[in-house]
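Enquirer: To start, I am sharing the structure in question, which I have written as structure tokens.
The values are calculated or read from the model by the stated rules, or taken from the named source; none is laboratory data. None of the values given here were measured: they were computed from a predicted structure. FYI the Cβ positions are ideal-geometry reconstructions off the backbone, even for glycines, and counts take in every protein chain you see. In case anyone asks, the SASA skips ligands and DNA or RNA and just uses the protein heavy atoms, side chains included. Shrake-Rupley method; radii C 1.70, N 1.55, O 1.52, S 1.80 Å.
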Amino acid sequence: MDKYEPKIIEDRWYRFWTDKGYFTAEAESTKPAFSIVMPPPNVTGALHMGHALNNTLQDILARYKRATGYNVLWLPGCDHAGIATQNVVERELKKENLKRTDLGREKFLERVWEWKDKYGKTIMMQLRKLGSSCDWTRERFTMDEGLSAAVKEVFVRLYDDGLIYRGNYIVNWCPRCLTAISDIEVTHKEINGHFYHINYPYADGSGFIQVATTRPETLLGDTAVAVNPDDERYKNIKEGTMLVLPETGRQIPLIKDPYVDKTFGTGAVKITPAHDQNDFEVGRRHGLEIINVMHENGKMNEKAGKYSGMDRFECRKKIVETLKEQGLLVRIDDHKHAVGHCYRCDTIVEPYVSAQWFVKIKPLADEAIKAVEDGRVRFTPDMWKKVYFEWMNNIKDWCISRQLWWGHRIPAWYCECGETIVAKQAPSKCPKCGGTKLRQDEDVLDTWFSSGLWPFSTLGWPEKTKELKTFYPTSVLVTSWDILFFWIARMIMMGLKFMGDVPFHDVCINSLVGDSEGKKMSKSKGNVVDPLDIMEKFSADSLRFTMAAIETQSRYIAFTEDRARGYHSFMNKVFNASKFTIGNIAGIKEVDLAENYQKLKLPEKWILDRVNALGKRAGESIEKLRFSEPALAIYDFFWHEFCDWYIEISKIELAKPGDEEYKNLVKNVLLKVLKDSAVIMHPFIPFLTEEIYQNLPFAGRKESVMLENWPEQNAKFVAKESDTKEMEEMMKLIYVIRNLRGELDFSPADKADVYIKMAADRAHVPAVYADVIKALARVDRILTAAGGSFILRRVISTGSVICEVGIDAAAVKDIAKVIAGKEKRAAEIERGIAAIDRKLNDANFIKHAMPKLIEEERARIDTLDAERRAVMSLIEDLKKV
């Protein structure tokens, strides 16, 4: 262990682990099973910060569970990502001046598979770089042969059970992707639009009825105007009274329906069944005609008359101009409203009537709700359970057909006689008429349909495999909250339907990784951080530890390169401390520390107690799916307790002449603490800990740290409360002396006499630990009486004064210079307090500032005032000297 070179050790140890088969699960084992299925990244994707966080957390669980005796399966795989992948390949074709229609379906799909084989492994290789200990022998793809068979099986069974149907319904249509998308694939964004108030004339010429719309281009497809039956303003107007539709001259009826909000505007609304989801339902109730005035690409069709061929937004402008010329446009109001956009390409979606396939979802949702209510599925954090219930209780039928070529083609065939045949295999003839001219449905299934089967299809279902028996239900799902409905809910529904059991027992919802301000990363904002760059600049372990440490399971967490740089410093600290320890335990004679426990001095007992507690605390936190807690506990223990305190104390002990037996005990303590630390840190920083472990000189070392057992809490190493208290008080004493040295501007090389007066029951401490106090606090002599030149401080621990300490200020080389520096600092503090005072006395600031900010400013004054008083007190003491 000469130098910390992450790139070298990462490549070496990952290859070693995979060659040894440490990641491969056993289909049958006497060990208890623990399984996770990886949320399959898109085959088009490259590793982003979300993947780095999510897969780090999964890997922590997998490595921890192996260390605690489980047969662990972490199953990796990719999603075929229908729309995304098709778009990528179509962009490639565009470079060749080709469209997919130029190739035809079969040739186009050949090109997609070629692209997938060439580029589809990118993200899987990047996950290896991160250190992901997946079972790569079981890697799956949502369109591989086995999963395709599962998809067909599920579709046919749901159809036979009456839970899949086809019909002309209004759907969310993307004019860019030319496909239907489900409700939860629509992203609603606030945009600045308008309300257009338009007069519709009565057919008998008796006047007008005024309606308001945000989409005047759709009035060309209006088939009625509706009012509420309880609206007093329209009680004398008969239902069925005819109106003249502007721009068309077509007559449409006035209808009465409770859907209309009589408190909004004039209480009259235009009804366009082909282009509005609510209007579609009103139209069905009243038997209205459905008139579609747009093409699939968002351009107006022949039913739009003179506007045919125009883009929908161009048509909007033209039709408003015409209505204004005709005197039918009453006014235009600015209106900010939420408009649906395609989640994939950000195009404004269009409600559109077309023939689609749907899953009748409520029967499936009811069972999935029960599974969470009765605790078979648990959410961490628990708050996501409420969000899940809100959506599931208001769920709508799921549109599962997509007008794409890449994906699982719907296993339905149509006969000329009108019969629809749904089957796992292509039928040779129509079961109704015997005809052989059968046409398969052109559409493919929503990507999330196959993803919803992931926990059991990847284990071999519908075959009854050993893996399915051993690893289903899976143990835990780790994923982000943004796919709670896309994926988590659907897996629960499908698992219950086809396996008769939940797909996982625990759902760990991780945060989305934001920028330094916690805002969502996006290329358009220019705030995207590439995890590969972070790993290249620092190390995979540094990135992993950063991800774990900042994961608070809030909606967004803030990532900064500075945080990664800070934790990279921690990696260097771990390496250097390990290098020192290994170098200083050469020639160790291993002994049983439990048997020799009573021979140990307080510092050795204390550090064994601390590493003992760390293993217990870290394990419990991981079991509770809390990842920042063990990461921060590891950091605090290794850097502050082990490095800052125990290693420094051990140097004193090892440097003493004679007593080789005790030196050997100290070496054994160093070895145990470093070994246990390596095992505890391994799930978080696997590469560095393997490097450390391989260099530890002890008998019985295993082939890899991955084969070590998690350190059990040993009752023999739990320190007495009195011992722990004494050690903490000694550390506090040293800390206060160091601070006082800093206040008096002592250089690190300068030593000073100190005065220590302990309470009677602790009077032994200065003498017993004199060598430690002198070395770590840079003390010359420890005195029991203080002269007039001593600057005194009280040492407080757990709320009570434990002793008084002092440093002889006469040892300060230039007291006048120190006083001048303190007076300068006091003046700076006074100016700071005055500036905040002015702000808090500014009525404009108080009026507009957030209450939290005002409180923070007041707290700053308190902090600065406390520092000012301390500085002034020190100045007075120094002047006395």
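Enquirer: Could you pull out the residue among Lys725, Lys732, Lys774, Lys757 that is surrounded by 15 or more Cβ atoms within 10 Å (Cβ to Cβ), over 47 Å from the mean Cα position of the chain (by Cα) and outside any strand (DSSP E or B)?
Expert: None of the other options fit; the residue is Lys774.
Enquirer: Scanning the stretch 488-502 for residues that are of a type in the set (Gly, Ala, Ser) and open to solvent by less than 10 Å² (accessible area, probe 1.4 Å), which turns out farthest from Asp382 (Cα to Cα)?
Expert: The selected residue is Gly495.
Enquirer: Which of the residues belonging to the stretch 425-456 are surrounded by 14 or more Cβ atoms within 10 Å (Cβ to Cβ) and in a loop (DSSP other than H, G, I, E, B)?
Expert: Pro427, Cys430, Asp441, Asp443, Asp446, Gly452, Leu453
Enquirer: Determine whether the stretch 499-513 contains at least one residue that is assigned to a helix (DSSP H, G or I) and either aliphatic (A, V, I, L, M) or in contact (Cβ under 8 Å) with a residue 40 or more places away in the chain (or both).
Expert: Scanning the stretch 499-513, I find at least one residue that is assigned to a helix (DSSP H, G or I) and either aliphatic (A, V, I, L, M) or in contact (Cβ under 8 Å) with a residue 40 or more places away in the chain (or both), so the answer is yes.
Enquirer: Taking the stretch 65-84 on its own, how many of its residues are in a helix (DSSP H, G or I) and buried (at least 24 other Cβ atoms within 10 Å of the Cβ)?
Expert: 4
Enquirer: Taking the conditions exactly as written (under 29 Å from Asn393 (Cβ atoms), over 22 Å from the mean Cα position of the chain (by Cα), among the charged types (D, E, K, R) and at pLDDT below 95), does Asp446 satisfy them or not?
Expert: yes
Enquirer: For the structure I just gave you, tell me whether Lys519 is open to solvent by 20 Å² or more (accessible area, probe 1.4 Å) and closer than 29 Å to Phe389 by Cβ.
Expert: Yes: the conditions hold for Lys519.
Enquirer: Here is a list: Arg781, Arg794, Arg825. Which entry is open to solvent by 60 Å² or more (accessible area, probe 1.4 Å), without any contact (Cβ under 8 Å) to a residue 60 or more places away in the chain and in contact with a helix residue (DSSP H, G or I) (Cβ under 7 Å, 6 or more places away or on another chain)?
Expert: That would be Arg825, the only listed residue that is open to solvent by 60 Å² or more (accessible area, probe 1.4 Å), without any contact (Cβ under 8 Å) to a residue 60 or more places away in the chain and in contact with a helix residue (DSSP H, G or I) (Cβ under 7 Å, 6 or more places away or on another chain).
Enquirer: Sticking with this one: Exactly one condition in (1) open to solvent by 30 Å² or more (accessible area, probe 1.4 Å); (2) in contact with a helix residue (DSSP H, G or I) (Cβ under 8 Å, 6 or more places away or on another chain); (3) β-branched (Val, Ile, Thr); (4) part of a strand (DSSP E or B) is not met by Thr248; state its number.
Expert: (4)
Enquirer: Oh, and also: Give me a count of the residues in the stretch 62-100 that are over 30 Å from Arg402 (Cβ atoms) and of a type outside the set (Phe, Trp, Tyr).
Expert: So the answer is 10.
Enquirer: Going by the structure shown, is Lys667 in contact (Cβ under 8 Å) with a residue 12 or more places away in the chain, among the basic types (Lys, Arg), touching a Lys or Arg at 6+ places or on another chain (Cβ under 9 Å) and surrounded by 18 or more Cβ atoms within 10 Å (Cβ to Cβ)?
Expert: yes
Enquirer: Among the residues of the stretch 209-227, is there at least one that is surrounded by fewer than 16 Cβ atoms within 10 Å (Cβ to Cβ), free of Cβ contacts under 8 Å to residues at least 60 places away in the same chain and hydroxyl-bearing (Ser, Thr, Tyr)?
Expert: no
Enquirer: Scan the stretch 105-124 and tell me whether some residue there is in contact with a strand residue (DSSP E or B) (Cβ under 6 Å, 6 or more places away or on another chain), surrounded by 15 or more Cβ atoms within 10 Å (Cβ to Cβ) and either among the aliphatic types (A, V, I, L, M) or modelled with pLDDT of 95 or more (or both).
Expert: For the stretch 105-124, residues in contact with a strand residue (DSSP E or B) (Cβ under 6 Å, 6 or more places away or on another chain), surrounded by 15 or more Cβ atoms within 10 Å (Cβ to Cβ) and either among the aliphatic types (A, V, I, L, M) or modelled with pLDDT of 95 or more (or both): absent.
Enquirer: Could you run through the stretch 91-135 and say how many residues are within 30 Å of the chain's Cα centre (by Cα) and assigned to a loop (DSSP other than H, G, I, E, B)?
Expert: Counting residues in the stretch 91-135 that are within 30 Å of the chain's Cα centre (by Cα) and assigned to a loop (DSSP other than H, G, I, E, B) gives 7.
Enquirer: Applying the selection to the stretch 842-881, what residues are under 28 Å from Gly787 (Cβ atoms), of a type in the set (Asp, Glu) and either outside any helix (DSSP H, G or I) or open to solvent by less than 50 Å² (accessible area, probe 1.4 Å) (or both)?
Expert: Hit for the stretch 842-881 is Asp877, nothing else.
Enquirer: For His505, work out the one condition from (1) open to solvent by 30 Å² or more (accessible area, probe 1.4 Å); (2) in contact with a Phe, Trp or Tyr (Cβ under 9 Å, 6 or more places away or on another chain); (3) at pLDDT 95 or above it doesn't fulfil.
Expert: The one condition His505 does not meet is (2).
Enquirer: While we're looking at this one, here's another question. Is there a residue in the stretch 676-698 that is of a type in the set (Asp, Glu), open to solvent by 10 Å² or more (accessible area, probe 1.4 Å) and within 47 Å of the chain's Cα centre (by Cα)?
Expert: Yes, some residue in the stretch 676-698 is of a type in the set (Asp, Glu), open to solvent by 10 Å² or more (accessible area, probe 1.4 Å) and within 47 Å of the chain's Cα centre (by Cα).
Enquirer: Moving to a separate point now. Of everything in the stretch 740-754, what is crowded, with 19+ Cβ neighbours inside 10 Å and either aliphatic (A, V, I, L, M) or farther than 16 Å from Ile807 by Cβ (or both)? Give them in sequence order.
Expert: Leu740, Leu744, Ala752, Val754, listed by residue number.
One line per residue, one yes/no per condition, for (1) over 28 Å from Trp74 (Cα atoms); (2) in contact (Cβ under 8 Å) with a residue 40 or more places away in the chain:
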| residue | (1), (2) |
| --- | --- |
| Arg402 | yes, yes |
| Ile410 | yes, yes |
| Glu419 | yes, no |
| Lys424 | yes, yes |
| Lys432 | yes, no |
| Lys437 | yes, no |
| Val444 | yes, yes |
| Trp448 | no, yes |
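Enquirer: Please tell me if Gly205 is more than 25 Å from Ser354 (Cβ to Cβ) and surrounded by fewer than 17 Cβ atoms within 10 Å (Cβ to Cβ).
Expert: yes
Enquirer: To continue, here is another question. Please give the number of the condition Leu740 fails out of (1) over 30 Å from Ser133 (Cα atoms); (2) among the hydrophobic types (A, V, I, L, M, F, W, C); (3) part of a helix (DSSP H, G or I); (4) at pLDDT 90 or above.
Expert: (4)
Enquirer: Got at least one residue in the stretch 463-481 being farther than 25 Å from Lys396 by Cβ, part of a helix (DSSP H, G or I) and among the hydroxyl-bearing types (Ser, Thr, Tyr)?
Expert: yes
Enquirer: Considering every residue within the stretch 715-722, establish whether at least one is open to solvent by 20 Å² or more (accessible area, probe 1.4 Å) and over 42 Å from the mean Cα position of the chain (by Cα).
Expert: yes
Enquirer: Return yes when Phe485 is on the phi < 0 side of the Ramachandran plot, open to solvent by 30 Å² or more (accessible area, probe 1.4 Å), aromatic (Phe, Trp, Tyr) and in contact with a Phe, Trp or Tyr (Cβ under 6 Å, 6 or more places away or on another chain) and no when it is not.
Expert: The answer is yes for Phe485.
Enquirer: Still on this structure, I have one more. If a residue must be under 22 Å from the mean Cα position of the chain (by Cα) and not β-branched (Val, Ile, Thr), how many such residues does the stretch 347-390 contain?
Expert: Final tally of qualifying residues: 11.
Enquirer: Shifting gears a bit: Inside the stretch 542-601, can you point out the residues that are out of contact with any Gly (no Cβ under 8 Å at 6 or more places or on another chain) and in a strand (DSSP E or B)?
Expert: Of everything in the stretch 542-601, nothing turns out to be out of contact with any Gly (no Cβ under 8 Å at 6 or more places or on another chain) and in a strand (DSSP E or B).
Enquirer: Tell me, yes or no, whether the stretch 41-61 has at least one residue that is among the hydroxyl-bearing types (Ser, Thr, Tyr) and in contact with a Lys or Arg (Cβ under 6 Å, 6 or more places away or on another chain).
Expert: yes
Enquirer: OK, next. Would you point out the residue of the stretch 578-629, among those that are within 22 Å of Ala548 (Cα to Cα) and among the hydrophobic types (A, V, I, L, M, F, W, C), that is surrounded by the most Cβ atoms within 10 Å (Cβ to Cβ)?
Expert: Taking the candidates together, the pick is Phe627.
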